[in-house]
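Shown next, in structure tokens, is the structure this report addresses.
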Amino acid sequence: MKLFDKYFKPYAEYYLRTSFSEDELKAVFEKELPHVFSFAAFKAGFEANKFIFFRRSKPFHLYPGITGRNSLRGELAIQCEKSEYSPETILHITIAPQNISLFCWIYLCFAVMIGILLLCTGTWQAVIPLGMSAFLFVFLAICRSAAENEIPQIRQAFEITLRKLEEKYRDKEIEFPQYENQTQKIHFFRIALLLTVPIVLVLVFDRASTLSLRNFLGNIAGTIFFIDFPIGMCLLHYYYPQFFRHRKSGHYSIVPWGIFFLVCWGIVALAMFLETQFGRYPENGFSVACAYLFGWMYIWFTMIPIGLIYLLFRGIQKLCRKRRKKVETED
């Protein structure tokens, strides 16, 4: 990944002092700064001649915005450190671009692969994807050059915002929100949104679903069973890994997976039972026997590829975290 490292290095690192403690600063940011994906952030983006800082999902990660563009290219990452000689808190602030080097690698490999395939066919269009690869580096260089000119504005705007918050809460008692409940709500919203996407895509691109009510309901049920169930288990494992471990020992437990396959088995058996009750018998008795005896294996047809994609994603995520920690320790 060293090819793109120079484009995603921090723009600036500096220190500030604040009268807030770490927990107080976190609570104040939670209350005063809108989340980057909230309606309040959208509304604040239209205020005249004003710098706005938006919260991200990670604590102490802020996204600066400015009227007209609603965003700047640098993001603030704050680390709090308690001073030994004063009651103030030292803020180690890093302004850096969002690291999308993995996306750049995927884009570059895809463009080069398409260029090679077109080159093998002998067409002149092979120049287009290769030119797109070169344009990627030009685009990253332009963005970094423009972002470095914005750093003084971001630093000044953040310090002004911080001092205003200190003045506002100087004689006020800070209320600490329930972060855990809010995090669970965000996770639940993400899971619900991700599980809705496959259903919408199937209904949009499968024209047969609009021919009859049976096709419509069948497509929804099939998508939920074969797509949403495996994705839901992977998302549950990602956001709530404690459900997959023993409460006392902490070791990995296969009980949730056993319950999952039993539920899938029951759904397949129930579906076959209802089909026969409503007069829609299968072509042979072998289908009925497979549904009742091996219905718990039906979900494997989609669970295996989706699970492999999930494991690949977690592996890449772990490698990126190890690499990031290694870079931080070397610095």
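The values are calculated or read from the model by the stated rules, or taken from the named source; none is laboratory data. Given the structure is predicted, the values throughout are model-derived calculations rather than measurements. Here the Cβ is made from the backbone with ideal geometry for all residues, glycine too, and neighbour counts use every protein chain on show. Quick note on the areas: whole protein, heavy atoms, side chains included, nothing else; ligands and nucleic acids left out. Shrake-Rupley method; radii C 1.70, N 1.55, O 1.52, S 1.80 Å.
Among the residues of region 113-162, the ones that are open to solvent by 40 Å² or more (accessible area, probe 1.4 Å), in contact with a strand residue (DSSP E or B) (Cβ under 9 Å, 6 or more places away or on another chain) and of a type in the set (A, V, I, L, M, F, W, C) come to 1 in all. Note on region 8-68: enclosed strands (runs of 3 or more DSSP E) holding 2 or more residues that are modelled with pLDDT of 85 or more and hydroxyl-bearing (Ser, Thr, Tyr) are 12-18.
Taking region 79-92 as the search range and keeping residues that are modelled with pLDDT of 80 or more and open to solvent by 10 Å² or more (accessible area, probe 1.4 Å), which one is nearest to Phe20 (Cα to Cα)? Full working, then the answer.
In the first step, residues of region 79-92 are kept if they are modelled with pLDDT of 80 or more; the result is 79-82, 87-92.
With open to solvent by 10 Å² or more (accessible area, probe 1.4 Å) added as a condition, the list becomes 79-82, 87-88, 90, 92.
On the way: Gln79: 13, Cys80: 10, Glu81: 11, Lys82: 10, Pro87: 9, Glu88: 7, Ile90: 10, His92: 14 Å.
Going through the qualifying residues, I end up with Glu88.
Entry remark, region 166-218: residues being among the aliphatic types (A, V, I, L, M), at pLDDT 75 or above and closer than 30 Å to Ser19 by Cβ number 0 in total.
Would you pick out the residues in region 85-114 that are assigned to a helix (DSSP H, G or I) and either under 30 Å from Asn149 (Cα atoms) or over 30 Å from the mean Cα position of the chain (by Cα) (or both)?
Of the residues in region 85-114, the ones assigned to a helix (DSSP H, G or I) are 101-114.
Selection gives Ser101, Leu102, Phe103, Cys104, Trp105, Ile106, Tyr107, Leu108.
Cβ separations smaller than 7 Å between residues 6+ apart or across chains give the following pairs from region 53-64 residues that are touching a residue at least 60 places away in the same chain (Cβ under 8 Å) and of a type in the set (Gly, Ala, Ser) to residues that are surrounded by fewer than 17 Cβ atoms within 10 Å (Cβ to Cβ) and not in a strand (DSSP E or B): Ser57/Ile186. Residues in region 93-112 that are under 30 Å from Arg17 (Cβ atoms) and open to solvent by less than 70 Å² (accessible area, probe 1.4 Å): Ile93, Thr94, Ile95, Ala96, Pro97.
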